[in-house]
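What follows is a short report on a single structure.
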Amino acid sequence: TLVTAGVYLLIRFNMMLVDMIFLKFLLLLSGLTMFMAGISANYEFDLKKIIALSTLSQLGLMMSILSMGMPDLAFFHLLTHAMFKALLFMCAGVVIHMMNDIQDIRYMGGISFYIPLTSLCLNISNLALCGIPFLAGFYSKDMILEMVSMSNLNLMIFFLYYFSTGLTMFYTVRLLFYLMVNDYNLMVVYNLYDEDYVMLKSMFMLLFMSLIVGSFLSWMIFNYPYMIYLPINMKMMVIYVMLMGLFLGYLVSNMKIYSINKFLMTYNL
């Protein structure tokens with residue numbers, strides 16, 4: 001409801017809104033929404049709140065590309081984002097339920113050691129959210145950012161778009177470090193097992209969808225392909241920003257903790 005109510009309504013009514021001053025105002029507001037949601041997701045310790053703030057950031061992306069006059073791209077990103085974000089929320093729900101309803105990510109750690117399938121779905125949906133190439137989020141997000149690069153907007157909107165993309169990678173790497181790389185904390189967790197087959201069946205269906213739905217929908221939705229003609233550095237700008245966000249998130253979230261894998265490797269000596 002959070003995703004579809006406002007965005008879908010504005011996609012439907014976009015013919016009424018062309019050439020209004022409201023759209024320029026909306027572009028500024030949604031760019032700032034994207035930016036601030038990405039910033040505040042980096043300082044949260046609540047698992048569901050991080051995912052909700054990343055949803056808010058993607059909503060800012062949809063609203064801003066809608067206010068630039070491309071409702072088909074906004075709808076395309078709404079559909080692809082629905083796939084991997086639903087998968088992400090289901091994985092977070094499984095993790096919280098197995099942690100005895102504790103949502104704080106500082107209590108968690110070593111998840112991939114105990115619930116590997118849920119961690120697989122969580123990681124792939126997180127990577128699709130970041131826009132790793134040829135997953136679902138790559139097609140829509142990359143096309144949106146390239147249309148932004150082609151448009152004649154000022155440098156502030158451009159900076160807000162790319163910085164928010166980097167921040168997405170940032171909090172994703174932070175989440176991955178806190179959940180997967182960090183050591184098993186033994187604080188609250190005693191009921192980690194990977195046997196919730198109802199959730200796993202649904203999660204694997206969503207995993208399959210978030211792998212293929214980007215190319216499938218980009219083939220189905222657009223009645224003509226977008227001709228995007230950019231220099232090579234501007235084409236690769238999304239990848240550059242992503243790698244920089246990955247590196248910065250690694251530097252910030254590298255908690256100097258000897259994880260289980262490294263700890264077991266020292267026994268071989």
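The values are calculated or read from the model by the stated rules, or taken from the named source; none is laboratory data. The structure displayed is predicted, hence computed values, not measured ones. Glycine also receives a Cβ, built like all others from the backbone with ideal geometry; neighbour counts cover every protein chain displayed. The accessibility values were calculated without ligands, DNA or RNA, using every heavy atom of the protein model including side chains. Shrake-Rupley method; radii C 1.70, N 1.55, O 1.52, S 1.80 Å.
I'd like the orientation of helix 71-98 relative to the chain: the angle between its Cα long axis and the longest Cα principal axis, in ° from 0 to 90, rounded to 10.
20
How big is the chain in terms of Cα radius of gyration and Dmax, in angstroms?
Considering the chain through its Cα atoms, Rg and Dmax are 19.3, 70 Å.
Summarise the accessible area of the chain (1.4 Å probe, protein heavy atoms) by the percent that is carbon and sulfur.
72
If you only keep lysine pairs separated by 8 or more in sequence, or across chains, how many in segment 2-260 come under 19 Å at the Cα atoms? Let's see the in-between values first.
On the way: Lys48/Lys85; Lys49/Lys85; Lys85/Lys141; Lys85/Lys201; Lys141/Lys235.
Here the count comes out as 5.
Label Ile212 and Leu79 with points 7 Å out from Cα along Cα→Cβ: what is the distance between them in nm?
In this crude spin-label approximation the distance works out to 1.5 nm.
Could you please report the charge total around Asn126, scoring K, R as +1 and D, E as -1 over all other residues with beta-carbon less than 13 angstrom from its beta-carbon? Each step should come with its number before you reach the end.
Values: positive: Lys85, Arg174; negative: none.
Neighbourhood net charge equals +2.
Assuming R0 = 22 Å, what is the FRET efficiency of Leu248 and Ile157, from their Cβ-Cβ distance, to the nearest 0.05? Present the calculation step by step, with values, prior to reporting the outcome.
Values: r = 22 Å, r/R0 = 1.00.
The value I calculate is 0.50.
Taking a probe of 1.4 Å, how large is the accessible area per residue of the chain, in Å²?
Per-residue value: 52 Å².
Please give the charge dipole size of segment 2-260, origin at the Cα centre, charges +1 on K and R Cβ atoms and -1 on D and E Cβ atoms. Round to the nearest 20 debye.
With only Lys, Arg, Asp and Glu charged at Cβ, the dipole is about 320 debye.
Around Lys85, under 15 Å between beta carbons, what's the net of Lys plus Arg minus Asp minus Glu among the other residues? Each step should come with its number before you reach the end.
Details: positive: Lys48, Lys49, Lys141; negative: none.
Taking every Cβ under 15 Å from that of Lys85, the sum is +3.
Ignoring everything but the protein chains, give the 1.4 Å probe accessible area of Ile232 in square angstrom, nearest 10.
120
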